[in-house]
Amino acid sequence: MDKSQIVTKIIGSPKNPVKEKGRAFAPTNIALCKYWGKRNEKINLPLNPSLSISMGDLGTKTVVSMSDKEDQVFLNGEYLDPSNSFTTRLQTYLDLYRPSPNTFFQVHTENNIPTAAGLASSASGFAALVLALNDLFGWNLEQRNLSILARIGSGSASRSIYEGFVTWHAGEREDGMDSYAEPLEVRWPEFRVGTLTLSTEQKKVGSRSGMRLTKETSSLYQGWPDKARFDFNLLQEAITHKDFSQLGRVSEGNALTMHATMIGAWPPLLYWLPESVAHMHKIWELRESGVPVYFTMDAGPNLKLLFLAETQSILEENFPKMKVVVPF
Ligand code: PMV
């Protein structure tokens, strides 16, 4: 099954808009149990389930309308050249929703997070676009279907449809209709994520090719899907019981294991900078001195600290550049 068949299954044949502009916001999310490796690259079906936390008001705001001539894409207020890779990626995705081949879209998208710096802006980007299209076309889709449509844009976008803790089921079906995200009921108001942006440079190897390289060349990858499934269950348990040390241990271990599979690839894939490692050591020292703080990292050099409200001030003293996100 290809993307257009999935879209037809969910929305029927493309319709005309029911209003002039569709608007939406979607939060970015940070995985505590990572999605790394696909069983189907065309429609982003993962080899393992994943679990994330949505980042409150950090994310993407998108307004979409129809346009007379060509597609026009604006990123943070700036018109993007049609040859820009961001525009072409968006256009290919929008092809799935055109009422006729000569209808065009105008998309205004605003990120309040650095684009492509390992802070998953594609997740909130595709989720906000799907939600804005749902608004423009009046589809009134269930969230599960919105999550599937976001997933075919970017895997982790399936989770950005929701706030709070979110699970994404890997699913087994070939058409991926059982591979969608769902929110967990638990609210944890004291839970905090601190983002430490060590570099905002565009990464050289994106997640799509990084996953492929790891799956094809790293002998360490073999153990990954089972490890992720195990961590996924432990994390759900930790969240249900609000067991912070279990959540922290499992999340940090999961991120490091994912990075270990990448380092074992050939050519090796190492997203860390010397500063990333220096910050890991600092976190481990703090933890040894009794401060309950853990970290996670995506496909980039930046760290996200995981902690509770009671340790916020001591961590702010130790990491003056850290930005604190309150997810609940
Ligand atoms: O959805 P993508 O293709 O941007 O991949 C996301 C990969 C990680 O951020 C490393 C892990 C995850 O689960 O978000």
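Data for the structure
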read-out: Cubic angstrom per residue, convex hull over Cα atoms of the stretch 1-157; value: 114
read-out: Residue of L315, L47, L129 that the Gaussian network model of the chain assigns the largest fluctuation, springs spanning Cα pairs under 10 Å; value: L315
read-out: Gained length - K42 relative to Q202, 0.36 nm times residue gap less alpha-carbon distance; value: 55.2 nm
read-out: Å² of accessible area per residue within the chain, as computed with a 1.4 Å probe and no ligands counted; value: 44
read-out: Residues of the stretch 1-41 with amide N under 18 Å of the 7 Å Cα→Cβ point at D57; value: 24-29
read-out: Magnitude of the charge dipole, the chain, Cβ model with Lys/Arg +1 and Asp/Glu -1, debye to 20; value: 480
read-out: Label point distance in nm, S313-N16, each placed 7 Å from Cα along Cα→Cβ; value: 6.1
read-out: Linear extension gain, R23 paired with R249, 0.36 nm per residue minus alpha-carbon span; value: 77.5 nm
read-out: Scaled radius of gyration (Cα, divided by 2.2 N^0.38 Å) that the stretch 1-92 gives; value: 1.34
read-out: Mean-position separation - Cα centroids, the stretch 69-88 and the stretch 270-304, in angstrom; value: 36
read-out: Cα centre as origin, Lys/Arg/Asp/Glu Cβ charges: the stretch 1-148 dipole, Debye; value: 520
read-out: Virtual spin-label span in nm between E288 and D2, 7 Å along Cα→Cβ; value: 5.6
read-out: Under 11 Å from the T217 label point (7 Å along Cα→beta-carbon), backbone N, the stretch 266-292; value: 266-270
read-out: Extension gain from M66 to D175, taking 0.36 nm per residue of separation minus the Cα-Cα distance; value: 36.3 nm
read-out: Value of relative contact order over the stretch 1-127, rounded to a whole percent, pairs C-alpha under 8 Å and six or more apart; value: 30
read-out: Portion, in percent, of the accessible area of the chain that falls on carbon or sulfur, probe 1.4 Å; value: 50
read-out: Centroid-to-centroid separation of the stretch 153-196 and the stretch 305-328 [C-alpha atoms, Å]; value: 23
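The values are calculated or read from the model by the stated rules, or taken from the named source; none is laboratory data. Quick caveat: nothing in here was measured; it's all calculated off a predicted structure. In this analysis, Cβ positions are derived from the backbone assuming ideal geometry, glycine residues included, and neighbour counts consider all displayed protein chains. Protein only, heavy atoms only, side chains kept; ligands, DNA and RNA dropped before computing areas. Shrake-Rupley method; radii C 1.70, N 1.55, O 1.52, S 1.80 Å.
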